[in-house]
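Report on the structure given below.
No value in this document is a laboratory result; all are computed from the given coordinates. Just so it is clear, the model here is predicted, and its values are computed rather than measured. Note that each Cβ is placed from the backbone with ideal geometry, even for glycine, and that neighbours are counted across all protein chains shown.
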Amino acid sequence: MEKIRKFKGLEAPESSQPQDLNKLQMQSGNLYRSLAVIANRSNQISIDLKQELNSKLEEFAVTSEVLEEIVENREQIEISKYYEKLSHPTILALEEFKRDELFYREREESSEASHDEQDEQ
């Protein structure tokens, strides 16, 4: 039985699961576009997690002038273990995408591209 991890209100499997690529393709009309949206969201989640982890670890940071002195801080260890157990950002992004919770739009072509097309005519 797969374990479910909760993070910021989103339940996601602990590990990756096989996906129906046709369903992913149908959501955006293009498989590549779907994967690009998921990858971009995964990067956003990863950055958010890293910032959140760093800010929590800074609260317990101990500064010492002796380099050889190693201080074991239980709070830092517990926080790190919690974040290690979370589902991978890609799995979280995939779950958001499958639940249609992501907003995405296609980029408009730049004005340079339209000028190039006009020059060819």
May I ask you to sort PHE97, PHE103, PHE60 by Cβ crowding, counting other Cβ atoms within 10 Å and putting the fewest first? PHE103, PHE60, PHE97
Amide H partners (placed H, <5 Å) of HIS88, local residues excluded: none
Quick one: order ARG33, ARG107 by neighbouring beta-carbon count within 10 Å, fewest to most. ARG107, ARG33
